[in-house]
Each structure stands twice: as C-alpha cells, then as structure tokens.
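Asks: One structure follows; several queries about it will come next.
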Amino acid sequence: MPVWLLPLLLAPIVGSFLGVLVRRLPEGRPVALARSACDSCGTPLGARELVPLVSYLALRGRCRHCAAPIGRFHPAIELAAVLVAAIVVFAWSMGPPSLSLSDQGSAVWLWSGCVLGWITLALAWIDLRWMRLPDLLTLPLLLLGLLSCRLLDPDALPAHAAAAALGYSSFAALAWSYRRLRGRDGLGPGDAKLLAASGAWVGLAALPMLVLLAAVATLVVALPSRRARAQVPIPFGPGLAFSLFAVWLYAAPGR
C-alpha cells in the first residue's frame with residue numbers, strides 16, 4: 001500500500017472521532033466510553049449506523065429508528081478530515097520535504113501534517129461553537145510538535161522549545177495587560193496555550209508570520225459580521241489553528 005493512501009483511508013474514521021470530541025469534550029461528557037445515540041430519540045446506534053459518510057448516505061440523512069433528520073455536522077467534519085489529509089498528501093507529493101529526509105522521515109512528515117491538521121480542525125470547531133480551547137487538545141498538541149521536530153530536525157528542537165515558551169508568555173502577558181487596561185478579558189488562556197503549541201511546531205523564525213496570518217484571517221472573517229460592530233467576543237482560536245496548519249506545511253522542519 002502506498003504510504004500516502006493510509007491517511008486518506010483513515011481520515012473519515014478520524015473525522016468521526018473528532019465529531020465526538022467537538023460535541024462532548026466542552027460539555028465534560030465521556031468521549032471514549034459512552035455509546036453514540038440518536039440526538040432525537042436517544043436510541044444507541046449500531047455498527048452499521050456508525051460507518052463514516054457511508055451510513056449517512058445509506059440512511060439518506062435520517063435516523064433509522066425515528067426518521068428524524070441527522071445533523072449535517074457529522075458528515076461535514078468527516079469530509080473536513082478527509083480534506084485535511086488530502087491537503088497534506090498533496091503537499092507531500094509535490095516532492096520530498098527535504099533531500100536529507102529518509103523514507104522513514106518522509107513518512108513522519110506526512111503523518112505529522114495529518115495529525116496536526118486533524119487536531120487543529122477540532123480546536124477550531126470547538127472554539128467557534130464554545131469559545132473554548134480545551135487543555136486536553138492544546139497541551140498534547142504542544143508535546144506532539146516537539147516530538148515531530150525531534151524526529152524531523154533534532155538540531156532545531158531548542159529553537160522550537162524556545163518558541164513555545166515565547167508564544168505562551170507573550171500572549172499571557174498581552175492578556176494580562178488587556179485585562180488591567182480594559183477591565184475584561186481580551187484573550188483567553190487557551191489562546192496562549194495554542195500559540196505555545198504553534199511555537200513548538202513551527203519554531204522561532206516562523207512564529208511572527210503565524211501570528212500575523214492568524215490576525216489577518218480573524219479580521220477578514222470578523223469584519224463583515226455583526227460581531228465586530230457589536231463588540232461581541234470573537235474567537236481567535238480558528239485563526240490560530242488555520243495559520244498553524246498553513247505555516248507548518250510551508251515552514252515545517254525538513255522543508
């Protein structure tokens with residue numbers, strides 16, 4: 001089997017699990033132990049009803065037990081996970097990330113990109129819906145960034161660790177200053193932790209570009225909406241997550 005095919009085959013399954021994370025994690029519900037059930041009638045779903053994408057199409061978007069419409073969230077996040085894998089595979093297929101990488105290193109780059117894309121997808125979705133960035137995702141993301149750097153470019157590990165520390169401390173200081181000046185929160189602690197994870201993945205040199213891209217992406221989305229005019233809180237996590245994924249594909253260790 002080609003090395004690039006497995007991430008594409010696993011992507012719908014990963015997307016299904018990400019859907020569970022997005023719906024349950026912010027509410028504190030169990031992620032791995034509780035069975036999935038219909039949102040309308042509460043009937044536990046069988047194995048045939050949990051096949052990613054296929055079951056939704058086979059059931060024509062309705063519950064087999066009560067015929068209630070199945071939310072489009074489930075196929076949407078499964079398709080998004082497939083798109084993430086396809087983007088990484090395309091970037092990988094454009095040529096070896098580096099002539100210095102072995103075949104094993106090239107596979108590590110491919111899987112690193114997929115894992116990064118899938119986790120940032122979940123974080124962006126959660127922040128959009130709940131205005132939260134759970135530690136259960138941001139902190140492992142930070143460790144995975146350092147591990148990926150260690151496997152791909154060990155010499156860059158100190159710079160990536162320093163970028164993680166700088167990312168967290170700079171956003172934490174900015175959040176503290178904003179709270180002192182305005183009397184309300186401007187950045188959440190999750191934003192600082194996600195920027196720390198971003199530093200672990202992209203390193204010191206690419207961190208300023210990542211923050212700039214995240215700010216521009218957030219403004220582009222927010223300005224046409226009523227949120228910017230009504231002073232409604234705007235989640236920064238989606239912009240950070242998008243920028244982290246995009247910048248890593250461009251400036252990852254081994255590039």
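Asks: Return the total of residues in the range 52-80 being assigned to a loop (DSSP other than H, G, I, E, B) and open to solvent by 60 Å² or more (accessible area, probe 1.4 Å).
Replies: First, pick out the residues of the range 52-80 that are assigned to a loop (DSSP other than H, G, I, E, B): 52-53, 59-61, 63-68, 70-72.
When the remaining residues are screened for being open to solvent by 60 Å² or more (accessible area, probe 1.4 Å), the result is 60, 64-65, 72.
The number of residues fulfilling the criteria is 4.
Asks: Of these, Asp155, Asp103, which one is out of contact with any helix residue (DSSP H, G or I) (no Cβ under 7 Å at 6 or more places or on another chain), closer than 19 Å to Tyr250 by Cα and acidic (Asp, Glu)? If you could, list the steps in order and put the result at the bottom.
Replies: Values: Asp103 fails: closer than 19 Å to Tyr250 by Cα.
Exactly one of Asp155, Asp103 is out of contact with any helix residue (DSSP H, G or I) (no Cβ under 7 Å at 6 or more places or on another chain), closer than 19 Å to Tyr250 by Cα and acidic (Asp, Glu), namely Asp155.
Asks: Test of understanding: among Ser170, Ser148, which residue is polar (S, T, N, Q), in a helix (DSSP H, G or I), at pLDDT 85 or above and within 20 Å of Gly117 (Cα to Cα)? Before the answer, list the steps.
Replies: Values: Ser170 fails: within 20 Å of Gly117 (Cα to Cα).
Result: Ser148 is the single residue among Ser170, Ser148 that is polar (S, T, N, Q), in a helix (DSSP H, G or I), at pLDDT 85 or above and within 20 Å of Gly117 (Cα to Cα).
Asks: Can you say whether Arg129 is farther than 23 Å from Val115 by Cβ, at pLDDT below 95 and part of a helix (DSSP H, G or I), as far as the supplied structure shows? Let's see the steps before the verdict.
Replies: Values: farther than 23 Å from Val115 by Cβ: no; at pLDDT below 95: yes; part of a helix (DSSP H, G or I): yes.
In short, no.
Asks: Criterion first (under 18 Å from the mean Cα position of the chain (by Cα) and either more than 25 Å from Val88 (Cβ to Cβ) or outside any loop (DSSP other than H, G, I, E, B) (or both)) does Arg24 satisfy it? Break it down into steps so the answer makes sense when it comes.
Replies: Values: under 18 Å from the mean Cα position of the chain (by Cα): yes; either more than 25 Å from Val88 (Cβ to Cβ) or outside any loop (DSSP other than H, G, I, E, B) (or both): yes.
In short, yes.
Asks: Being closer than 19 Å to Thr218 by Cα and of a type in the set (Gly, Ala, Ser) is the filter; apply it to the range 101-132 and report the residue that is most open to solvent (accessible area, probe 1.4 Å).
Replies: The qualifying residue most open to solvent (accessible area, probe 1.4 Å) is Ala124.
Asks: List every residue pair whose Cβ atoms lie under 6 Å apart, where the two residues are 6 or more positions apart in sequence or sit on different chains, the first residue falls within the range 19-30 and is touching a residue at least 40 places away in the same chain (Cβ under 8 Å) and within 11 Å of Arg132 (Cα to Cα), and the second residue, located anywhere, is among the acidic types (Asp, Glu) and surrounded by 18 or more Cβ atoms within 10 Å (Cβ to Cβ).
Replies: Sorted first by the residue in the range 19-30, then by its partner, the list stays empty.
The values are calculated or read from the model by the stated rules, or taken from the named source; none is laboratory data. Computed from a predicted model, the values in this text were never measured in an experiment. Ideal geometry is used to build each Cβ from the backbone, glycine not excepted, and the neighbour counts take in all protein chains shown. Side chains included, ligands, DNA and RNA excluded: accessible areas come from the protein's heavy atoms. Shrake-Rupley method; radii C 1.70, N 1.55, O 1.52, S 1.80 Å.
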